[in-house]
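The values are calculated or read from the model by the stated rules, or taken from the named source; none is laboratory data. As the structure is a computational prediction, the values presented were derived from the model and not from experiment. FYI the Cβ positions are ideal-geometry reconstructions off the backbone, even for glycines, and counts take in every protein chain you see. To get the accessible areas, we keep the full protein, side chains included, count just its heavy atoms, and leave off ligands, DNA and RNA. Shrake-Rupley method; radii C 1.70, N 1.55, O 1.52, S 1.80 Å.
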Amino acid sequence: MNKNTGLSVNHLPVLTWNHIGINEAQFPETELAEVEFDACYEKSGFGKEIAEIFDNIETGMGAEAVAFTMNHCTNPIFIRVKEGEKKVIEPLKYTFADGAKVCDVTYILAEKNSEVSVFQSYISEDDTASYHAGLTKIVALEGAKVTLIQTQLLNDSSLHSNDLGIKIEDSAKVELVQAELGAKMDYVGCMALLSGYCAEFVADTIYYGDEKRKTDLNFIARHTGKKTVSNMKAKGALFGETDKVYRGTIDFINGCKKAKGDESEETLIFSDKARNRTIPLILCDEEDVVGNHAATIGRINENRMFYLMSRGLSENEVKELVVRASYESVLSRITDEEIRSKVDSYLERRMIIE
Amino acid sequence: MSELLRVENVHALADDKQILNGLNLEIKKGETHVIMGPNGAGKSTLDSVIMGNPQYKVTEGKVFFEGEDITALKADARARKGIFLSFQTPEEVPGVTLEDFLRVCRRNMTGQPLKVFAFRKELKALMDDLDMDPSYASRYLNVGFSGGEKKKSEILQMLVLQPKLAMLDETDSGLDVDAVRVVSKGIKKFKNEDNSLLIITHNARILENLDIDKVHILYNGRIIKTAGPELIEEVNTNGFANIIGKED
Ligand SMILES: Nc1ncnc2c1ncn2[C@@H]1O[C@H](COP(=O)(O)OP(=O)(O)OP(=O)(O)O)[C@@H](O)[C@H]1O
Ligand SMILES: [Mg+2]
């Protein structure tokens, strides 16, 4: 670990020469009391076998981030949904004030044919510089369905890292819905291992870059199981002098016959000073697979702008309408009324632009 | 009757290509005007220039609306003054439902908060009149609409926004026989003594229920002939050759 640059995170699964400088990223550490995570673990009642599955799950941000978050864990949460059970977990709402520092570790175990929905929200309540490092691991056993919805609205001086490691077994499905809209540094890493036959992974992420926010996203769908399906979408809008990096990798491992992976990115750029870098990778160690990458990156089409303005909407109103429209698939999933109204007013406030 | 729109000696270009060459047009409140002309004459460009499409640069001349020079105004400001354009090729806007869009536009135009249920009822009635399936209200604006459905969506927007001047650019093209009748009924219902219509068409059917005040022939970026409704019949029988011939 390098104390000067912080944690080395969000590595591309393969180093590429032409992406030098963004093959990985750095995320700062913070001063926090050290804890023995194993002690938390014991209380979870997960048992050795299950603990081992969780321990072996790789995440999108990588080993250094995992170690840091676990060793400084402030909020350990263990969710276990028994075979055949259906559960909606009480929303996990973290509010940040007075320079709060939170390292939350959430483990979700969905047993055979169970269904669970988990909601995490991270919101600033004042302007102080907070620190958040989150680690969420999900194990979906045979036939289980897990939905994880996350919203992040930290203030412009706060640091946020959101690290995910997901293992999906036979016919299980994990759906990740993310609204990453705030913070000074907004770092997200997600690694989904589709190990079971017909395992499915869906990610729908929206991000919002403005002022000097740094957004760094690293998504990896690793297919090892046959007939596995992944679909990762990222949609965002860039304003001001924001700097965004998106790495999206579909990794087909030898043996994952008939696997299918899709990744798509939609980026609306509203500022000449905004920086946008995207690295889509499809790694094929197996021939019998289908991998697709699609990207639409750019400004609002001028015909569409004129059409909408001709109905009386100002340029800014059109921008807001178009951004909200691209966010709609994620926003509509935020059913917690309190958080939804905070997201709406956040966007309204931020989008009074240029 | 007082003047609503005056286009005065307008020259306009796009991509350095001269399209309008000193065009003059005046429409009074309550009037219905028709513009005809061969493909590529500049008809849609004229509508675009009146609406304020920044793709077209007005190099000379002015556009007045209710006596005010609006040449420099942006499209949204013109819309709020009461100008509406039914597009020849309407845009698709994924993610925004037709109903939500109309609600935003209406609220924006009137500056008044909107009663959701009352608005929904009003919308349903308008859609019924236009023979539109109510399920279209919750579909994304024009996305996957057929050519004819898009034109109906334009007329629906016109009826919701109630402009003072509605410009209809080939609203009838792409409509089947029944749809033309339905749409022209919608237009007839919209029309009153205070608002005006500027209709671009290659086809007289949409005009059947309307009282036409003037018909203009646009050619080479200028109005080369203006007459009464009898001109429509003449164009339909003889084409443009005669009229254009006199010009050249
Ligand atoms: N944005 C543009 N850039 C370059 N040329 C343009 C542009 N818009 C229109 N033109 C050209 O200007 C001319 C007039 O176009 P316009 O669309 O106004 O014709 P129109 O009279 O509406 O024709 P139609 O009956 O086919 O709809 C055409 O030659 C067209 O190619
Ligand atoms: Mg045209």
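Could you pull out every residue, at least 5 positions away or on a different chain, whose amide H is within less than 5 Å of the one on residue A:292? Hs are placed 1.01 Å off N in the peptide plane, and Pro or chain starts have none.
Residues meeting the criterion, in which the H sits 1.01 Å from N, are A:261, A:262, A:263.
Would you mind computing, in nm to one decimal, how far apart the modelled labels at residue A:284 and residue A:241 are, each placed 7 Å from Cα along Cα→Cβ?
Label at residue A:284, label at residue A:241, 4.3 nm between them.
At each listed q (0.09, 0.11, 0.13 Å⁻¹), what is the log10 of I(q)/I(0) that the Debye formula gives for region A:7-350 modelled as equal alpha-carbon point scatterers?
Relative scattering, expressed as log10 I(q)/I(0), comes to -0.46, -0.70, -0.99.
So which of A:167/A:235; B:17/B:150; A:167/A:244; A:86/A:226; A:112/A:145 end up more than 18 Å apart, counting from Cα to Cα?
Correct reply: A:167/A:235; B:17/B:150; A:167/A:244; A:86/A:226.
Find the relative contact order for region A:4-98 and round it to a whole percent, using C-alpha pairs within less than 8 Å whose residues are 6+ positions apart.
Over region A:4-98, the number comes to 32 percent.
Quick one: which residues, 5+ away or cross-chain, put their amide H under 5 Å from the amide H of residue B:32? H built at 1.01 Å from N.
Here B:197, B:213, B:214 satisfy the definition.
Show me, for region B:211-225, the HN-Hα J-couplings you get by feeding each phi into the Karplus relation (A = 6.51, B = -1.76, C = 1.60, θ = phi - 60°), rounded to Hz, glycine and proline as x.
8, 8, 8, 9, 10, 10, 9, 9, 8, 6, x, 9, 7, 9, 7
For residue A:144, list long-range residues whose amide hydrogen, built 1.01 Å from N in the peptide plane, is under 5 Å from its own amide hydrogen.
It is A:113, A:114, A:172, A:173, by chain and number.
Can you compute the helix-only [θ] at 222 nm over the protein assembly as shown? Use -39500 (n - 2.57) per DSSP H run of at least 4 residues, normalise by all residues, nearest 500 deg cm²/dmol.
Mean residue ellipticity, 222 nm, calculated: -7500 deg cm²/dmol.
Apply the a/c threshold of 1.5 to the C-alpha gyration tensor of the protein assembly as shown and tell me whether it is rounded, prolate or oblate.
prolate
With a 1.4 Å probe and every protein chain left in place, tell me how much accessible area residue A:175 has, in Å² to the nearest 10.
Using a 1.4 Å probe on the heavy atoms, I get roughly 40 Å².
If each of residue B:14 and residue B:60 carries a label point 7 Å out from its Cα toward its Cβ, how far apart are those two points in nm?
Taking the simple label geometry, residue B:14 and residue B:60 are separated by 2.1 nm.
Grab the other residues whose beta carbon is less than 12 angstrom from that of residue A:16, score K and R as +1, D and E as -1, and report the net.
Its environment carries a net charge of 0.
Using each residue's phi in region A:110-125, evaluate 6.51 cos²θ - 1.76 cosθ + 1.60 at θ = phi - 60° and report the 3J(HN,Hα) Karplus result to the nearest Hz, with x for Gly and Pro.
Result, rounded to whole Hz: 10, 6, 2, 6, 8, 9, 9, 10, 10, 10, 10, 9, 10, 9, 7, 10.
Simple spin-label model, 7 Å along Cα-to-Cβ: residue A:97 to residue A:294 in nm?
4.5 nm
Residue A:87: accessible area at probe 1.4 Å, nearest 10 Å²?
80 Å²
Would you please classify the overall shape of region B:33-176 from the alpha carbon gyration tensor, given that a ≥ b ≥ c denote the square roots of the eigenvalues, rounded means a/c under 1.5, and beyond that prolate means a/b larger than b/c while oblate covers the rest?
oblate
Suppose the chain between residue B:39 and residue B:112 were pulled fully straight at 0.36 nm per residue; how much longer would it get relative to their current alpha carbon spacing?
22.1 nm
Go through A:302, B:234, A:31 and list them by solvent-accessible area, largest first, probe radius 1.4 Å.
A:31, A:302, B:234
Whole-Hz ³J(HN,Hα) for each residue in region B:66-72, computed from phi via Karplus 6.51 cos²θ - 1.76 cosθ + 1.60 with θ = phi - 60°, x for glycine and proline: what do you get?
After applying 6.51 cos²θ - 1.76 cosθ + 1.60, I find 6, x, 9, 6, 10, 3, 8 Hz.
Averaged over its residues, how many other protein chain Cβ atoms are within 10 Å of peptide A:117-124's Cβ atoms?
Partner-chain Cβ atoms within 10 Å, mean over residues of A:117-124: 0.
Between region A:306-335 and region B:99-133, what is the separation of their alpha carbon centroids in Å?
Centre-to-centre distance over Cα atoms comes out at 17 Å.
What's the center-to-center distance, using Cα atoms, between region B:138-166 and region B:176-210 in Å?
14 Å
Would you give the gap between the C-alpha center of region A:186-256 and the C-alpha center of region A:97-123, rounded to a whole Å?
19 Å
Once a ≥ b ≥ c are taken as the square roots of the eigenvalues of the Cα gyration tensor of region B:76-157, is the result rounded (a/c under 1.5), prolate (a/b larger than b/c) or oblate (a/b not larger than b/c)?
It comes out oblate by the Cα gyration axes.
How high is the relative contact order of region A:7-350, in percent, with contacts defined as C-alpha pairs under 8 Å that are six or more residues apart?
Result for region A:7-350 is 11 percent.
What net charge do the residues around residue A:301 carry, taking every other residue with its C-beta under 12 Å from that of residue A:301, with Lys and Arg at +1 and Asp and Glu at -1?
Once all neighbours under 12 Å are counted, the net charge is -1.
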